[in-house]
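These notes are about the structure you will find just below.
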Amino acid sequence: MRNSAPVTKITILPRGRALGYTMVMPQDDKYSTTRHELLDQMAYAMGGRAAEEIVFDTVTTGAANDIEQATRVARAMVTQYGMSDKFGLMGLETQENQYLTGRTVMNCGDATAAEIDTEVMKMLKEAYAEAKRLLSENRDVMDKIAAFLIEKETITGKEFMKIFREVKGIPEPEEGQKDDHSRMGGESAETVESAENGNRQPEMAAGSEQPAAEQVQNPVQDGNSVMPQDPEQKTAETQNGQQGSDNGQGPAEL
């Protein structure tokens, strides 16, 4: 699915009520979602139920939460997001207590509510059909990933894509190809910066053989802190030290 976030992890280890899960994570920060992305989310949620029907020719209760999530997305598309061809930009539902219960209230009559249910059911059926089509066309990939999960119980996103490419005969991309060819005809930014730093000579102060940075940053200890030394303060300390020596005393304490 072109509009879905990449898979980062798949596991068959039970977690709470879930018998396993597939984790997807967007590569960039997102603050809004497109219609195509929501449609892919519904198809992705229907993948478990579709796989059961394709492989075992039956269904189980394991897809209960997936169906709930897909239904919530489809209903929000129709009633809140204006993404239904039938109802268009009409707001049919209002969300109350967004940060507490998230409960929604219908802003339409019973007849329109029944039409909304029909539209939601239509969208869910289309998402389920898309999930079955994708899994049927990639049955060989699904079987190999299932065998890997039976042996290892968990698969990462990189392992998932490696198996997919092996089955489909797609060559592996060069590691870090996108990042390492961003500058200087294929050299990485870090390599270029290291070369520049290696060729850069320290700046010399005028009339001195000592680098300017070392002359400016000549700290003196002042208690527990390090303070730059003031030339006038240094002269005063020298004079006080000489007066203390003339009186038979040690240097004056700061």
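Out of Ser32, Ser4, report the one residue that is touching a strand residue (DSSP E or B) at 6+ places or on another chain (Cβ under 7 Å), on the phi < 0 side of the Ramachandran plot and without any contact (Cβ under 8 Å) to a residue 60 or more places away in the chain. Walk me through it before giving the result.
Numbers: Ser32 fails: touching a strand residue (DSSP E or B) at 6+ places or on another chain (Cβ under 7 Å).
That would be Ser4, the only listed residue that is touching a strand residue (DSSP E or B) at 6+ places or on another chain (Cβ under 7 Å), on the phi < 0 side of the Ramachandran plot and without any contact (Cβ under 8 Å) to a residue 60 or more places away in the chain.
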Subject >> Matching entry among Ile10, Ile67, Ile54 (being surrounded by 12 or more Cβ atoms within 10 Å (Cβ to Cβ), touching a strand residue (DSSP E or B) at 6+ places or on another chain (Cβ under 6 Å) and touching a residue at least 12 places away in the same chain (Cβ under 8 Å)) >> reply: Ile10
Original post:
Within segment 5-59, how many residues turn out to be of a type outside the set (Val, Ile, Thr) and assigned to a helix (DSSP H, G or I)?
Top reply: 19
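Among the candidates Glu126, Glu93, which residue alone is among the acidic types (Asp, Glu), farther than 30 Å from Ile163 by Cα and either modelled with pLDDT of 90 or more or touching a helix residue (DSSP H, G or I) at 6+ places or on another chain (Cβ under 6 Å) (or both)?
Working: Glu126 fails: farther than 30 Å from Ile163 by Cα.
Every option except Glu93 fails the conditions.
The values are calculated or read from the model by the stated rules, or taken from the named source; none is laboratory data. Since the structure is predicted, the reported quantities are computational estimates derived from the model, not experimental observations. Cβ coordinates were reconstructed from backbone atoms using ideal geometry, including for glycine residues, and neighbour counts include every protein chain displayed.
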